[in-house]
1. Please go through segment B:118-159 and give me each residue that is more than 14 Å from chain A (Cβ to nearest Cβ) and either out of contact with any strand residue (DSSP E or B) (no Cβ under 8 Å at 6 or more places or on another chain) or closer than 23 Å to A:Val26 by Cβ (or both), ordered by number.
2. Could you check segment A:165-191 and list, in sequence order, the residues that are of a type in the set (S, T, N, Q) and either touching a strand residue (DSSP E or B) at 6+ places or on another chain (Cβ under 6 Å) or within 15 Å of A:Lys111 (Cα to Cα) (or both)?
3. Condition check: loosely packed, with under 12 Cβ neighbours inside 10 Å and either more than 14 Å from every other protein chain (Cβ to nearest Cβ) or not small (Gly, Ala, Ser) (or both). Does B:Pro50 satisfy that?
4. Just to be sure before I move on: is A:Glu88 more than 14 Å from every other protein chain (Cβ to nearest Cβ) and over 21 Å from A:Ser145 (Cβ atoms) in the structure I sent?
5. In the list A:Val11, A:Val26, which residue meets the criterion of being within 14 Å of another protein chain (Cβ to nearest Cβ), in contact (Cβ under 8 Å) with a residue 60 or more places away in the chain, assigned to a strand (DSSP E or B) and exposed (fewer than 15 other Cβ atoms within 10 Å of the Cβ)?
6. Would you pick out the residues in segment B:96-112 that are within 15 Å of the chain's Cα centre (by Cα), crowded, with 18+ Cβ neighbours inside 10 Å and within 16 Å of A:Pro29 (Cβ to Cβ)?
7. Which residue out of B:Glu115, B:Glu26, B:Glu69, B:Glu84 is surrounded by 15 or more Cβ atoms within 10 Å (Cβ to Cβ) and either away from chain A (no Cβ under 14 Å) or in contact with a Leu (Cβ under 7 Å, 6 or more places away or on another chain) (or both)?
8. Can you tell me which condition B:Arg131 does not meet? The list is (1) surrounded by 12 or more Cβ atoms within 10 Å (Cβ to Cβ); (2) within 18 Å of the chain's Cα centre (by Cα), and all the others hold.
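A short reminder: the numbers here are calculations on the coordinates, not readings from a lab. Predicted model only: the values in this text are computed from it and were never measured. Heads up, the Cβs are rebuilt from the backbone with ideal geometry, glycines too, and the neighbour counts pull from every protein chain shown.
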Amino acid sequence: MANDFTGMRKVTIRDNTTGGTGTFAVMTPDKIGADGLSSTLETNELTTSSYAGDITSPNGTNIAASTLTLLPTSIKDFKAIWPTGYDEATGTWQPPIGGCTSADATVAWEKVCDTKGNQILRHCQIALSGEFAFSRDDAMAIEVSIYPVLSEGSEYGLSGDKANQMFPWQFYDGVYDPATDKVTFDGVTAP
Amino acid sequence: MIGLAVLYWLCGHIAELEVGVNAFYEDLPIDPQTGSMERYGVYITTGSAPMTPNGDLHQYLTVYVAIGEGATNRQGAHVPEKYETDKLLDAIQGLVLNATRYYQELCHLSVPDTELVYTDVRLLPSSSKVRGGTLTNGAIVKSLVAEVYYKEKEKEANNG
């Protein structure tokens with residue numbers, strides 16, 4: 001019955017482009033869509049068509065954008081997700097268009113009630129996209145596109161052979177601290 | 001007994017309610033000698049819900065409120081029964097509707113004086129208020145249905 005991948009989640013989005021100090025937003029379970037976070041690896045296929053027949057073989061892996069549905073309930077939530085669109089003087093938010101809202105972000109998808117079965121994407125890009133719909137029957141939901149970027153294993157706290165391999169994300173048991181951008185892994189004493 | 005754990009949580013947020021005084025698990029107290037209802041109040045019952053092998057535990061809970069003639073509040077004063085019935089059910093409905101905001105409290109629910117501990121509880125609304133029957137003592141029964149997903153800590157430890 002125990003399943004570490006079920007249960008309430010929160011998502012922490014840390015913007016690493018702000019001078020290295022990093023501003024971050026934490027979206028609590030009541031503001032995350034039921035579909036959760038979805039990350040996809042797709043096989044790239046090479047097909048050779050000859051008179052003898054077609055031969056299809058895998059020749060690599062494509063990393064698709066991850067999608068995350070957020071449920072903002074106020075303009076302050078927009079400010080937390082995309083601070084660059086918020087104007088302090090008027091308390092308004094307007095969509096900043098042009099390029100990635102954040103070209104270097106850390107996204108941590110963590111359980112609320114325990115530390116098991118979490119996912120972190122480092123140095124990913126977050127695009128401002130999706131439908132901003134006022135609807136009679138539905139709360140406003142925004143689908144955020146997260147583009148994983150391959151990062152060295154050392155960025156994920158790995159050592160040895162894995163330190164120099166490239167990874168799009170990491171699953172872990174532990175706790176992410178957005179203030180330091182570090183993960184404390186369960187059962188591992190930090191050096 | 002996730003229903004009882006949820007009942008304790010609801011009572012912790014509604015000042016008028018206290019488990020064992022005017023909030024009960026599965027039924028209102030009945031006098032075994034006469035078969036008549038001994039107290040008015042709130043009770044919560046368990047309903048069947050679909051489950052999957054790798055999913056969390058799942059249950060429907062029905063919360064009933066029955067306040068009949070002559071009911072008194074905790075100070076002993078008479079209460080208008082229909083108003084009180086709706087007031088209590090509205091308070092419960094509000095908590096269920098907004099339960100996701102209490103996610104930190106719902107991470108860990110226990111039943112006092114037992115070893116039962118439920119974790120990662122997600123309480124969701126399922127259906128709104130409905131008027132039920134009228135009891136022989138004049139109490140109108142109203143109810144609503146909530147849905148709960150949860151994990152049972154003891155079983156997790158056994159499996160792990």
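1. B:Thr136, B:Gly138
2. Going through segment A:165-191, the residues of a type in the set (S, T, N, Q) turn out to be A:165, A:170, A:180, A:184, A:189.
Result: A:Gln170, A:Thr184.
3. Numbers: loosely packed, with under 12 Cβ neighbours inside 10 Å: yes; either more than 14 Å from every other protein chain (Cβ to nearest Cβ) or not small (Gly, Ala, Ser) (or both): yes.
For B:Pro50, the condition - loosely packed, with under 12 Cβ neighbours inside 10 Å and either more than 14 Å from every other protein chain (Cβ to nearest Cβ) or not small (Gly, Ala, Ser) (or both) - is met.
4. In short, yes.
5. Among A:Val11, A:Val26, only A:Val26 is within 14 Å of another protein chain (Cβ to nearest Cβ), in contact (Cβ under 8 Å) with a residue 60 or more places away in the chain, assigned to a strand (DSSP E or B) and exposed (fewer than 15 other Cβ atoms within 10 Å of the Cβ).
6. Those that are within 15 Å of the chain's Cα centre (by Cα), crowded, with 18+ Cβ neighbours inside 10 Å and within 16 Å of A:Pro29 (Cβ to Cβ): B:Val96, B:Ala99, B:Leu106, B:Leu109.
7. B:Glu84
8. That leaves (1) as the condition not met.
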